[in-house]
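Presented below is the structure to which this report refers.
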Amino acid sequence: MTTNAGLDIFHVTEKDAGIYTVIVQIFYPDGDPVFGNNSVTVQIIDELPKEYTELHVTQEEVAEYNDTTKQVHVVLACGKFVFSTKPHFDVEWLTPSGSVVPSTSYSDGQFRLQLPNPVLGGSYTCRVPASAAAASPCVPGTSQHRAEASVSVDRVEARLALLEGQHRQLEKERLARQTQFQEYINGQTRSISFRVRINGGFGVSHSGTPITGFNQIQMSEGLVYERYSWKFITPYAGVYFFALTTVSDGNVNRANADVMVDDVIACRIRSAMDGDFGSCEATVHLARGQKVWLRSLDDHGSYGNGMYPTFAFCGFLVSKDV
């Protein structure tokens, strides 16, 4: 039984173009035959461009950066071939040290080899292996195709190419950082800050509930403070600063309060006596969409003073996450 079969055509010419059909005939034990067939159309290029009829090896003028090694490498190119995609074979590279290495990549009809650093000067040879039967259609059978080609790499010129490549990569990274920084600046669009206070009146809240009654929103850049929920909502992830100053009504209530981030205390004011003042501040890293608000700690907390506008709550974005 034949498990696999095929047809190899060497030294292809235009006359070899056409439809190729394979017919499979199977006989069952009772002697009855079963037939199957499949066809493929083979197109042959009449004649390749003159420059493609022989194998060529060149040293690329510009060294290229490798994301894996994080280094700049001198590149050799071997070709050109007429395959639209990477062929099913690879060329062999013979180095000046006598070792044989595979290609690094394939693009635009060329097998490419990135030379390791430091570059070893001498002759580098690219050759199509004898086992690559699929390589034979890459040039016409009538051409004087050479199965190998060489190029000489000068160590001094290679070092100059590496220096130029490193300069190009540093400039590329500098421009990338500049673009990233500009995008960060543009992302800020405007400053994020707010300041609210109780002026000439009192805000009364029960223990564990939000402190409300702010009758002045002096600042809300970025529209981040919600007037009717009495909460600051973070528009970006980043580091924020908040400060709270309180004063009670001067009678029997104290100005105890918490600055809350969602359900977590960021800072707390505990006054020592009735009618006392208090302040606290917090610098915290917040995710986008978190809520910052004030919570009363007294059963009948009275915040503000009819004569002095000393109750104020403010906050701003210190730095936005990149």
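The values are calculated or read from the model by the stated rules, or taken from the named source; none is laboratory data. Fair warning: this is a prediction, and the values are worked out from it, not measured in the lab. Neighbour counts run over all protein chains shown; Cβ positions are idealised from the backbone, glycine included.
Filtering region 3-25 to residues that are modelled with pLDDT of 75 or more and farther than 30 Å from residue 82 by Cβ leaves 23, 24. Scanning region 118-168 for residues that are modelled with pLDDT under 60, surrounded by fewer than 16 Cβ atoms within 10 Å (Cβ to Cβ) and not β-branched (Val, Ile, Thr) yields a total of 7. Scanning region 238-248 for residues being buried (at least 16 other Cβ atoms within 10 Å of the Cβ) and within 11 Å of residue 317 (Cα to Cα) gives a total of 3. Taking each residue of region 294-322 that is on the phi > 0 side of the Ramachandran plot and looking for partners that are modelled with pLDDT under 65 with beta-carbon atoms closer than 6 Å, six or more apart or interchain, yields 304/201; 304/202; 304/203.
Residue count for region 290-322, restricted to those that are modelled with pLDDT of 90 or more and part of a loop (DSSP other than H, G, I, E, B): 1.
Scanning region 74-112 for residues that are without any contact (Cβ under 8 Å) to a residue 60 or more places away in the chain, in contact with an Asp or Glu (Cβ under 9 Å, 6 or more places away or on another chain) and assigned to a strand (DSSP E or B) returns 75, 77, 79, 92, 94, 100, 101, 102, 106, 111, 112. Figure legend. Inter-residue proximity from region 258-269: first residues among the aliphatic types (A, V, I, L, M), second residues surrounded by fewer than 16 Cβ atoms within 10 Å (Cβ to Cβ), beta-carbon distance below 7 Å, spacing 6+ or different chains. Indicated pairs: 269/279.
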